[in-house]
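A.B. asks: Take this structure, written in structure tokens, and hold onto it; I'll ask about it next.
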Amino acid sequence: MSNIQQALYKQFENHRIVFWYDEKEDMTEQFNAMALEGIEKVQVKGNEFEVKYLVVKQCPEKKFLLYFTGAKPLNEENWLLDIELAHQVFHTDQEAMFLQEIGLGYHLKELVAEHIEFFKAKKRRLKLKELLGNDDGHQEIRYKLLAVLFGTEHINLLTFIHAHASAFADGNEKFDKDLDCFNLSGFYWHEIALKYNYQNETPSLYDFLLEVFNNNFCLGTKSGLAKESRLLLSLWRDTIQYRESFSKLSAKIEVDIDVENKLNQASLEEVISDELFRLSDLKVIHELVSLISAEEISNDKVTKLIKQRENKFWFHEFNALYECLAEASTLIALIRKYADTEYESLSEGIVHYTKLLYKIDAVYRKFIWNYRKTNQNKILVELFEKIDKVYANDWLLQFTNNWQKIVDNLTSWPTEVSHSQQQFFDVHVKPFIKKKKRLFVIISDAFRYECGVELSRRLQSENRYESSIDYMVSSLPSYTQLGMASLLPHKKLALQEKSDVVLVDNMSSTGIQGRSKVLNTNSGVKATAVKAEDFMNMNSAKEGREFVKEYDLIYIYHNRIDKVGDDKTSEEKVFEAVEDEVQFLMDMMKKIANMNGSNMMVTSDHGFLYQHSELEESDFSVSKHKGEVWKENRRFVIGKALSGDASTKAFKGSELNIASDVDILFPKSINRLRVKGAGSRFIHGGISLQEIVVPLVKVIKRKKNTTSKVNIDIIKSTDRITTNILSVSFIQSDLVTEQVLPRSLRAAIYAEDGELLSDQFKYNFDIDEGSERMREVKYHFQISTKASGKYKNQRVKLILEEPVEGTSKWKEYKNYFYTLNISFTNDFDGF
């Protein structure tokens, strides 16, 4: 089938009669040879009246192709004008063929001729046809030509520029060549000039983008570009498809406009809000490192400044660095406030530590963990040295020296009190046994108190998990064998002669088999012990549930933190081990829940002390102890007839509730004993609060929801938008707590047809203290010029969206209606 036949059939889809004027009389042969099914061909030549009678009276339902040769008659001489006007004229010139193929009127012939190279490709014509509307004029059609050229779904100038920039960033000049080839370059740059006030006799994309960045950079040179250019950048950053190109071009432009030199001369306050250049983040981080290291900035101010950066474009790349800054600032503030704390009694110190001071060790751990995530970036060297010195000297040494005064006055260790680790089974496990409730006890080696607090908080934020945190005071020495034995049901703990092996009621407590035997013998119920890895390898639905059914009490043991920390070659990774362990325990408890377990406890045998830097000679204790040594550790010595000196604290076994004739020495404060082959940064066994205070996390899996998110509202003083800037105050109605979780939102203004009319505001509402007014966050939306044109006097929506968990998608949270009433004068800058 020829192209002409295809075009004719297309015309007959919507018209019964088609007129074909062959002015040059060079299509007669094709007309005569053409066979059109269901269509009668009629050549009109002086027989107009006869033809009119035929098509109107004789065959009013039939389709006709009326073929004319010679020039088309004037309207006043055209006997068939009324029929022609009611039906369709078929043209055979190239432009007309294209118009007929895509369903456009012949009056657009000049537009097609102007951009003829575009129409020569059938693929482009078909794509254009999909976009065309019934009432499209020259402007709308040219925009759709550009949409095809740039391959964009959205038909707007802003998206074209984003696509153009993306190709340019990749070194692809195809779009520039196509704009010239299709004669669309003039129209494209005219529209950019009109919208953005970009003036250049020889416009180019990079020159335009240089001006856009320069005009919107806080330290840039203003050239009179329209404020709409801010919206161009904002949406470019927020569009997943094009944000990589933003990053690439920003890197190029920051060199070409000498951003580094400008930042060198700028203050922190001047650049804190900029998100055009990656160097701005480096500047902010550099300034904060210096200020925090010199203690010349308050912790509150650091927190506010980092919060301002939180939703900026490059924040995710520097997240670990910003976390280091936040943790460092918090750590210094806490240590300066509490390092000199002294206590009157053992219990006072323990309670204060569990209520507040554990945070110092938690913050130090987070600082080191993030510091290592940055690959120990050299920008942080000054801050790291400051933090490690402050933590070691002003906190661990000074605070523990004060704590040692309490320890020195002790004549025995409190093992009969309810918070003693040795009372764990009677106080915490027996109530479940009496109520015939199955209980899972998870014991994580060296999981110190502050780690338990983090675990409990994470559990509380998990829907349908109820968690509470309490503490226990470990047995002394605070090492694995004794701690593990203390958690088992027992009447008596003793040390095996000439060793540190612990006997529980004369039974060995070593290993899974030994602990299972003690549980079976002493618990009074069906009980067992299992390694965490073996438990996690069970299939929850089958063997796992069958295993669980056999027992009323299951002890699960895991050794990650202690294993990593006690090895000299891996001790520097102990804080990574903590992070892994918290997640592992979360996963384990979900697995227990899948096995129909609802009651769980997590605790530990002992805590630990850790300093990231290599220790100095003064950190080691030179103990001149004598006697029969059974076991020597960095933090304790077990033996018979031991005598120490002023550098150690001595207890007899009976004073620690150990039914053996032994003596135990502990180096004072945070000092270590020299032990061949042992590491020195990660230690436990001693009497510091970090070593002896262990968590007791009690968990219940509920069937009902236990969490919600904070509610966000806005203060709406008006329902009219009258300028290109709309100020909105967002209010976090309630405080973040363990069960009331933060809510991340993005907000923007949309027309009712879905058109985006403003930049986007993103914020993580996570405020956990202060009045409602203190939880107010203001943002100034930049409104697009479309709002004062196409959408003037229409109703628009401020839409608040939140992310769909596990995806890159967003869902609507709330919306608020406004009426647009922006004067055209708002589209002018500087008038």
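The values are calculated or read from the model by the stated rules, or taken from the named source; none is laboratory data. None of the values given here were measured: they were computed from a predicted structure. Every residue, glycine as well, gets a Cβ built from its backbone with ideal geometry; the counts of neighbours run over all protein chains shown.
A.B. asks: Looking at region 77-93, which of its residues are polar (S, T, N, Q) and without any contact (Cβ under 8 Å) to a residue 24 or more places away in the chain?
C.D. replies: Once the filter is applied, which keeps residues that are polar (S, T, N, Q) and without any contact (Cβ under 8 Å) to a residue 24 or more places away in the chain, region 77-93 yields only Asn78.
A.B. asks: Select, from Glu275, Glu269, Glu254, the only residue that is assigned to a helix (DSSP H, G or I), under 30 Å from Ile749 (Cα atoms) and not basic (Lys, Arg).
C.D. replies: Glu269
A.B. asks: Does Lys355 meet the test of being in a helix (DSSP H, G or I) and closer than 26 Å to Tyr471 by Cβ?
C.D. replies: yes
A.B. asks: Give me a count of the residues in region 434-454 that are within 43 Å of the chain's Cα centre (by Cα) and either closer than 17 Å to Ser598 by Cα or not in a helix (DSSP H, G or I) (or both).
C.D. replies: 12
A.B. asks: Which members of region 20-49 meet the condition of being in a helix (DSSP H, G or I) and either surrounded by fewer than 12 Cβ atoms within 10 Å (Cβ to Cβ) or in contact (Cβ under 8 Å) with a residue 60 or more places away in the chain (or both)?
C.D. replies: Glu29, Asn32, Ala33, Phe49
A.B. asks: Right, another one. Restricting to region 73-90, name every residue that is closer than 14 Å to Tyr9 by Cα and in contact with a Phe, Trp or Tyr (Cβ under 6 Å, 6 or more places away or on another chain).
C.D. replies: Val89, Phe90
A.B. asks: Just give me the residues in region 414-453 being surrounded by fewer than 22 Cβ atoms within 10 Å (Cβ to Cβ) and in contact with a helix residue (DSSP H, G or I) (Cβ under 6 Å, 6 or more places away or on another chain), in sequence order.
C.D. replies: If the condition is that a residue be surrounded by fewer than 22 Cβ atoms within 10 Å (Cβ to Cβ) and in contact with a helix residue (DSSP H, G or I) (Cβ under 6 Å, 6 or more places away or on another chain), then Thr415, Ser418 are the ones that fit.
A.B. asks: Next up: Could you run through region 297-352 and say how many residues are touching a residue at least 24 places away in the same chain (Cβ under 8 Å), over 20 Å from Leu396 (Cα atoms) and part of a helix (DSSP H, G or I)?
C.D. replies: 15
Residue-wise test of (1) among the aromatic types (Phe, Trp, Tyr); (2) touching a Lys or Arg at 6+ places or on another chain (Cβ under 9 Å).
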site	(1), (2)
Lys177	no, no
Ser185	no, no
Tyr196	yes, no
Pro203	no, no
Glu211	no, no
Phe217	yes, yes
Leu233	no, no
Trp236	yes, yes
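A.B. asks: What is the number of the single condition among (1) within 21 Å of the chain's Cα centre (by Cα); (2) under 30 Å from Glu153 (Cα atoms) that Leu209 does not meet?
C.D. replies: (1)
A.B. asks: Also: Do we have any residue at all in region 804-818 that's among the polar types (S, T, N, Q) and modelled with pLDDT of 90 or more?
C.D. replies: Yes, region 804-818 has at least one match.
A.B. asks: Shifting gears a bit: Just to confirm my filter: which helices (runs of 4 or more DSSP H) fall fully inside region 90-166 and include at least 2 residues that are of a type in the set (A, V, I, L, M, F, W, C), closer than 25 Å to Trp189 by Cα and not assigned by TED's automatic domain parsing to the domain that holds Asn14?
C.D. replies: Correct list: 109-114, 116-119, 122-131, 138-150.
A.B. asks: Let me ask something else. Among the candidates Phe620, Phe651, which residue alone is assigned by TED's automatic domain parsing to the domain that holds Phe440, aromatic (Phe, Trp, Tyr), more than 26 Å from Tyr555 (Cβ to Cβ) and at pLDDT below 95?
C.D. replies: Answer to the selection: Phe620.
A.B. asks: Still on this structure, please answer the following. Please work out which residue is surrounded by the fewest Cβ atoms within 10 Å (Cβ to Cβ), limiting yourself to region 749-769 and to residues that are touching a helix residue (DSSP H, G or I) at 6+ places or on another chain (Cβ under 8 Å) and not in a strand (DSSP E or B).
C.D. replies: Glu755
A.B. asks: In region 194-225, which residues are surrounded by fewer than 19 Cβ atoms within 10 Å (Cβ to Cβ), hydrophobic (A, V, I, L, M, F, W, C) and over 26 Å from Leu268 (Cα atoms)?
C.D. replies: Leu194
Each row is one residue, and each column tells you yes or no for (1) more than 43 Å from the chain's Cα centre (by Cα); (2) modelled with pLDDT under 90; (3) surrounded by 18 or more Cβ atoms within 10 Å (Cβ to Cβ).
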residue	(1), (2), (3)
Leu108	yes, yes, yes
Ala113	yes, yes, no
Glu153	no, no, no
Asp178	no, no, yes
Ser185	no, no, no
His190	no, no, no
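A.B. asks: Here are the criteria: (1) modelled with pLDDT under 95; (2) of a type in the set (Gly, Ala, Ser); (3) part of a helix (DSSP H, G or I). Tell me which single one Ser280 does not satisfy.
C.D. replies: Evaluating Ser280 over (1) modelled with pLDDT under 95; (2) of a type in the set (Gly, Ala, Ser); (3) part of a helix (DSSP H, G or I) leaves (1) as the failure.
A.B. asks: For Ile83, indicate whether it is among the aliphatic types (A, V, I, L, M) and farther than 30 Å from Leu126 by Cβ.
C.D. replies: yes
A.B. asks: Please count how many residues of region 649-689 are surrounded by fewer than 18 Cβ atoms within 10 Å (Cβ to Cβ), not in a loop (DSSP other than H, G, I, E, B) and not charged (D, E, K, R).
C.D. replies: The number of residues fulfilling the criteria is 2.
A.B. asks: Quick one: would you say Gly607 is in a loop (DSSP other than H, G, I, E, B) and surrounded by 18 or more Cβ atoms within 10 Å (Cβ to Cβ)?
C.D. replies: So Gly607 passes the test.
A.B. asks: Another question, then. Out of all the residues in region 85-101, is one or more surrounded by fewer than 17 Cβ atoms within 10 Å (Cβ to Cβ), modelled with pLDDT under 90 and under 47 Å from the mean Cα position of the chain (by Cα)?
C.D. replies: The answer is no; no qualifying residue exists.
Every residue, every condition in (1) outside the structural domain of Thr718 (by TED's automatic domain parsing); (2) surrounded by 14 or more Cβ atoms within 10 Å (Cβ to Cβ); (3) not in a loop (DSSP other than H, G, I, E, B), yes or no:
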{"residue": "Val777", "(1), (2), (3)": "no, yes, yes"}
{"residue": "Gln782", "(1), (2), (3)": "no, yes, yes"}
{"residue": "Ala787", "(1), (2), (3)": "no, yes, yes"}
{"residue": "Tyr791", "(1), (2), (3)": "no, yes, no"}
{"residue": "Leu798", "(1), (2), (3)": "no, yes, yes"}
{"residue": "Ser808", "(1), (2), (3)": "no, no, no"}
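A.B. asks: Please find, among Trp369, Trp403, Trp413, the residue that is of a type outside the set (Lys, Arg) and under 35 Å from the mean Cα position of the chain (by Cα).
C.D. replies: Testing whether each residue is of a type outside the set (Lys, Arg) and under 35 Å from the mean Cα position of the chain (by Cα) leaves just Trp369.
A.B. asks: Go over the candidates Ser234, Ser245 one by one and state the one that is buried (at least 20 other Cβ atoms within 10 Å of the Cβ), outside any loop (DSSP other than H, G, I, E, B), modelled with pLDDT of 95 or more and not assigned by TED's automatic domain parsing to the domain that holds Glu275.
C.D. replies: Exactly one residue qualifies, and that residue is Ser245.
A.B. asks: Still on this structure, I have one more. So which of Ser478, Ser468 is polar (S, T, N, Q) and either over 28 Å from Cys451 (Cα atoms) or in contact with a helix residue (DSSP H, G or I) (Cβ under 6 Å, 6 or more places away or on another chain) (or both)?
C.D. replies: Going through Ser478, Ser468 in turn, the sole match is Ser478.
A.B. asks: Six or more apart or on different chains, Cβ under 9 Å: which pairs go from a residue in region 731-753 that's within 21 Å of Tyr791 (Cβ to Cβ) and modelled with pLDDT under 95 to one that's among the aromatic types (Phe, Trp, Tyr) and part of a loop (DSSP other than H, G, I, E, B)? Could you list them?
C.D. replies: Ala751/Tyr791; Glu752/Tyr791; Asp753/Tyr791
A.B. asks: Are there any pairs, at least 6 apart or on different chains, whose C-beta atoms fall under 8 Å, with the first in region 499-515 and without any contact (Cβ under 8 Å) to a residue 60 or more places away in the chain and basic (Lys, Arg) and the second assigned to a loop (DSSP other than H, G, I, E, B) and surrounded by 17 or more Cβ atoms within 10 Å (Cβ to Cβ), and if so, which?
C.D. replies: Within 8 Å, the pairs are Arg515/Leu488; Arg515/Ser509.
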